[in-house]
Amino acid sequence: MNQPSERRLDTTYPAARRRFLAAAEAIGGEVTSFPHPLPGRDGEELAIDVVSHGPDDADAVLLVVSGTHGVEGYTGSALQSWWLDERADQVAEGVRLVMLHAFNPIGFSWVRRVNEDNVDLNRNFVDWSNPPTNEGYARVADLLVPETWDADTQSSTTDALLAVAGEVGLDEFQQIVSGGQYDHPTGIFHGGSGPVWSHRWLDEHFPAIVGSAKHLGVIDLHTGLGDWGHGELIAHESKGEPGYERGTAWWGDIRSMHDGESVSASLSGDWLATLDDRVPDAEVTAVALEFGTVDVFTVLQALRADAWLHANGDPTGDEAGAIRDQVRAAFADDDPAWLATLIARFDQVAGQALSALTAT
């Protein structure tokens, strides 16, 4: 098999999917595919693919998820495929591994963080009878996604955003921009107006995916925040809560998004926070594994450009390719050394989770 330093990220969703499914077939994994109702950017079939490896009646299950934020699936898929190639034979008897590939397949295909509705899937899992409010976002909405995207507008709106950040502080600015907003459907970090397709899919299929699990570990793979190549484990619980404390026992250093210790803002609509209610008879230990790429300002500029393209530009026009390249560069570093660093960290995190589940 290829050494981690020889691995490369795939350049398209179909290529990443083929590699993942081939790796699953090679280990004899049970594959179930759930087609998305829309085609991909090049007309290809889109799907959430679920691979199960191990006994169906296992009490201990590890679920690894890629592509919650579509473009981040290029990295998540590569990590999943590497693990199936290199580590599948290390799963202990009585433990089942489940790989969920491309939770947001259309964002994966279109090289977008969001889905077909411009919705950030990880802001969509809220109580829709009483959705959250983010009054601060209205102040910056038109600055973040202006009607035009020429050099002068980019410069003036960026200066204005930096002035707001200087006024409210960087932490509060990050919370306003990225915590989740529900009133500006063409904006960034939009949580939607109701459950989107991937959300509804999870509602229908999650119990079958985890089966009879009494002890469930979940690793949701992400990129875009933090130092280059660093893999931070982010909990959706606060210190002292049972899931947080189990996570600390499994992995050591984890960071709560709600306690101000993580690179992530405190999110509204995080899907991991719904798992206890989805499987009330299981003990759930769940984290997001967030890998750093470039600085947060570069990431924000890429998201602004993408949102403008799909709100006010032409996603199939001449400027689209350059903006997609900008988004990909913000969330997926094509340097093999970056991926090798991530593989080592993912290997550690997945191994620790499997060890903890084996001991249950």
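The values are calculated or read from the model by the stated rules, or taken from the named source; none is laboratory data. Given the structure is predicted, the values throughout are model-derived calculations rather than measurements. As a convention, Cβ positions derive from the backbone with ideal geometry for all residues, glycine included, and neighbour counts pool all protein chains shown.
List of remarks:
- Residue match in region 50-60 (condition: on the phi < 0 side of the Ramachandran plot, in a helix (DSSP H, G or I) and modelled with pLDDT under 95): no
- Being surrounded by 20 or more Cβ atoms within 10 Å (Cβ to Cβ), within 21 Å of Asn134 (Cβ to Cβ) and among the aliphatic types (A, V, I, L, M) holds for only one residue in Val299, Val263, and it is Val299.
- Val299 over 30 Å from Asp150 (Cα atoms), aliphatic (A, V, I, L, M) and under 16 Å from the mean Cα position of the chain (by Cα): no
- Those residues of region 232-246 which are touching a strand residue (DSSP E or B) at 6+ places or on another chain (Cβ under 7 Å) and either surrounded by fewer than 21 Cβ atoms within 10 Å (Cβ to Cβ) or assigned to a helix (DSSP H, G or I) (or both), in sequence order: Ser238, Lys239, Gly243, Tyr244, Arg246
Residue-by-condition table, conditions (1) assigned to a loop (DSSP other than H, G, I, E, B); (2) over 14 Å from the mean Cα position of the chain (by Cα); (3) over 18 Å from Ile188 (Cα atoms):
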residue	(1), (2), (3)
Val98	no, yes, yes
Val114	yes, no, no
Val126	yes, yes, no
Ser155	no, yes, yes
Thr158	no, yes, no
Ala163	no, yes, yes
Glu167	no, yes, yes
Asp171	no, yes, no
Val177	no, yes, no
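To keep it simple, each residue is scored yes or no on (1) closer than 24 Å to Gly192 by Cβ; (2) acidic (Asp, Glu); (3) assigned to a loop (DSSP other than H, G, I, E, B); (4) in contact (Cβ under 8 Å) with a residue 40 or more places away in the chain.
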position: Ser109; (1), (2), (3), (4): yes, no, no, yes
position: Val119; (1), (2), (3), (4): yes, no, yes, yes
position: Ser129; (1), (2), (3), (4): yes, no, yes, no
position: Ala138; (1), (2), (3), (4): yes, no, no, yes
position: Glu147; (1), (2), (3), (4): yes, yes, yes, yes
